[in-house]
Amino acid sequence: MDDLLALDAVTMRFGGLTAVNGLSMGVTRGTIHALIGPNGAGKSTVFNCVSRIYRPTEGRIRFDGRDVTGLPAHAMAGLGIARTFQNLELFNELTVLENVMLGAYSRHETRLIERLWPRSPKTRAWAEEILEGTGLKDCRDAKANGLDFGRQKLLEVARALALSPTLLLLDEPAAGLRSREIERLDTILTGLNRERGITVLLVEHVMQLVMSISDRITVLSFGEKIAEGTPEAVRGDPRVIEAYLGT
Ligand code: ADP
Ligand code: MG
């Protein structure tokens, strides 16, 4: 199997608490892979290990065939890994367009001034293209904190896309969205995956979205993998049903 991302026995401890316990999983290139599980199962911690905010206590992480376990967080964007956060992390006082332009800074731009404050026509054109694709074009000049919640969530995705990632990590992008907004997110993510070949690793509680777009699902409970497979297989798995009912 052609794994773009591979976790090999990853364990993350915080003092006496084991948040992730010996997790091995692979995300196949070109797929949409969901990571689900009850609150506190360790999903965001997995993202933080992959994006190098935490260094795993044990285990290895490979990206595109390369061991990235020891790399610093700032190196990940250059490799083509972009992420969103469970809680919104936007530049509130900046406009929608500026937020997306800032997201583009580190991948292709080598001039320091552009990295600090990107405004080249090339970056602007790229940001506009992303706003078009995510349906945010109409509010490009609005301040981020003036948007409704659904658009703020989409802007997070748009900003991550500005990096032209190979791998996009999304932490609960549908949380708090209304069903029409969820359908829109579904269309956007499916399109990105099919048309641009972006591999997506998605943490999400909204099962409507997870079941609709995922090629494969990994289920975590108390830091351990309890099931993995297609949406159909996972949906009917008794261990999964038990883990969810137990919360
Ligand atoms: P999920 O995203 O699945 O809801 P998390 O990965 O956020 O779960 O958390 C898993 C467990 O690790 C929880 O018990 C949480 O309290 C704990 N945890 C996460 N981050 C830290 C941290 N930085 N320090 C201490 N404990 C943490
Ligand atoms: Mg979380």
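The values are calculated or read from the model by the stated rules, or taken from the named source; none is laboratory data. Please read these numbers as outputs of a predicted model, since none were measured by experiment. Counting neighbours? That spans all protein chains shown, and the Cβs are built from the backbone with ideal geometry, glycine included.
Considering only the range 50-60, I want to know if a residue exists there that is modelled with pLDDT of 95 or more, surrounded by 21 or more Cβ atoms within 10 Å (Cβ to Cβ) and not hydrophobic (A, V, I, L, M, F, W, C). Yes - at least one qualifying residue is present in the range 50-60.
What number goes with the only condition from (1) in contact with a His (Cβ under 9 Å, 6 or more places away or on another chain); (2) in a helix (DSSP H, G or I) that Val200 does not pass? Answer for Val200: the failing condition is (2). Test each condition in (1) at pLDDT 95 or above; (2) surrounded by fewer than 23 Cβ atoms within 10 Å (Cβ to Cβ); (3) within 17 Å of Val234 (Cβ to Cβ) for Arg29 and report the one that comes out false. Just one mismatch for Arg29, condition (3). Of the residues in the range 225-243, at least one is surrounded by 15 or more Cβ atoms within 10 Å (Cβ to Cβ), in contact with a helix residue (DSSP H, G or I) (Cβ under 7 Å, 6 or more places away or on another chain) and in a strand (DSSP E or B).
Scanning the range 1-56 for residues that are part of a loop (DSSP other than H, G, I, E, B) and of a type in the set (D, E, K, R) yields Asp2, Arg29, Arg52, Arg55.
Since Arg184 meets every condition but one in (1) crowded, with 16+ Cβ neighbours inside 10 Å; (2) out of contact with any helix residue (DSSP H, G or I) (no Cβ under 9 Å at 6 or more places or on another chain), which condition does it not meet? If we test Arg184 against (1) crowded, with 16+ Cβ neighbours inside 10 Å; (2) out of contact with any helix residue (DSSP H, G or I) (no Cβ under 9 Å at 6 or more places or on another chain), just (2) comes out false. Considering the range 38-84, the residues that are within 15 Å of the chain's Cα centre (by Cα) and basic (Lys, Arg) include one that is farthest from ligand 2 (Cβ to nearest atom), namely Arg52.
For the residues Arg178, Arg216, the requirement of being in contact with a His (Cβ under 6 Å, 6 or more places away or on another chain), within 21 Å of Ile36 (Cα to Cα) and surrounded by fewer than 23 Cβ atoms within 10 Å (Cβ to Cβ) singles out Arg216.
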